[in-house]
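Notes to accompany the following structure.
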Amino acid sequence: MSDPLGMLGGSRGINPAGGPPPGAGGANRPGGSSEASFKDLLMANIKQVNQAHQEATTATEDLVSGKRNDLEGVLLATQKADTAFRMLLAVRNKVVQAYEEVKQMRV
């Protein structure tokens with residue numbers, strides 16, 4: 001999991017070129033577009049962040065119990081989970097900020 005939210009590379013998630021992300025589902029969406037909805041992408045990325053957190057927790061527990069002896073691997077898993085969570089939190093903050101701006105618009 002090199003890019004937990006799929007935002008840095010063009011492999012999945014938001015495509016900087018503006019086209020649909022490769023492998024994006026949602027072919028049954030109105031208008032016949034094959035782009036995944038924001039909700040689908042967000043839910044998939046939340047699941048990836050959760051999986052990274054679970055892997056880091058398992059790695060830490062294995063290190064403490066003696067099942068593992070590679071501290072570097074545990075630190076790497078923990079750092080990946082932390083980075084993924086921080087990126088997801090940044091996306092959440094931007095969405096909340098955009099919502100607050102829309103909420104303050106006059107109709």
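The values are calculated or read from the model by the stated rules, or taken from the named source; none is laboratory data. Just so we're clear, the structure is a prediction, and the values are computed from it rather than from any experiment. Note: ideal-geometry Cβ built from the backbone for every residue, glycine included; neighbour counts use all protein chains shown.
Computed values, structure above
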quantity: Pair list, Cβ under 8 Å, 6 or more apart: region 46-69 residue under 12 Å from Ala81 (Cα atoms) and among the aromatic types (Phe, Trp, Tyr), other residue loosely packed, with under 15 Cβ neighbours inside 10 Å and at pLDDT 95 or above; calculated: none
quantity: Conditions (1) surrounded by fewer than 16 Cβ atoms within 10 Å (Cβ to Cβ); (2) touching a helix residue (DSSP H, G or I) at 6+ places or on another chain (Cβ under 8 Å): number failed by Asn45; calculated: (1)
quantity: Those residues of region 61-106 which are of a type in the set (Lys, Arg) and either within 23 Å of the chain's Cα centre (by Cα) or exposed (fewer than 12 other Cβ atoms within 10 Å of the Cβ) (or both), in sequence order; calculated: Lys67, Lys80, Arg86, Arg92, Lys94, Lys103, Arg106
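Each row is one residue, and each column tells you yes or no for (1) part of a helix (DSSP H, G or I); (2) modelled with pLDDT under 95.
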site: Gln54; (1), (2): yes, no
site: Arg68; (1), (2): no, yes
site: Gly73; (1), (2): yes, yes
site: Leu76; (1), (2): yes, no
site: Ala81; (1), (2): yes, no
site: Ala90; (1), (2): yes, no
site: Gln97; (1), (2): yes, no
